[in-house]
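Heads up, the thing below is written out as structure tokens.
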Amino acid sequence: RPLLMKYIDIKASLIDAYERGRMIAVMPFVTKVLEGALHSRVFKPPNPWTMAILGLLREIYLDEDLKLNLKFEVEMIFKALQMPIDEVKPAKLVRGRVRAMQNNPDFAAPKPQVEAPSFGPVGLSPSISAA
């Protein structure tokens, strides 16, 4: 049986999970729901509903900081649906959204900017040159 949008809005759930750092729980659920589209005459791609969700998944997939296990989930659903990931146009739904940055299990921690130590001018130290 199809999962109706009046019961659960998958795109809204993904967007909310993106903002709150809950994709680690929501993404596997979404991919399991989409696996059912493979055997459906109605929901298999190029169904607009399915393609909209796949576009959102592709947009999230393109985020550089996304953890590898979530990227793997996205790759697996595209493979299961027998669609190359490059053929789906990324949605523009999460681009401007603010996401939780502290203790977010969905994204790799930002790398701290380390400045190179400065050694000063090259040359002999004053104690060596005075001798």
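Values quoted throughout were computed directly from the atomic coordinates according to the rules given, and no laboratory measurement underlies them. On a predicted model such as this, the values are computed, not experimentally measured, just so you know. All Cβ positions, even for glycine, are placed from backbone atoms using ideal geometry, and neighbour counts span all protein chains on display.
Key figures
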quantity: Extended-chain gain in nm, criterion 0.36 nm per residue less alpha-carbon gap, Leu62 and Arg97; calculated: 11.1 nm
quantity: Net length gained if the chain between Glu75 and Glu35 were fully extended (0.36 nm per residue, minus Cα distance); calculated: 13.2 nm
quantity: Within-10-Å neighbourhood charge of Leu93 [Cβ basis; K, R +1; D, E -1]; calculated: +3
quantity: Stretch gain in nm, segment Lys44-Asp86, where the contour uses 0.36 nm per residue and the Cα spacing is subtracted; calculated: 13.4 nm
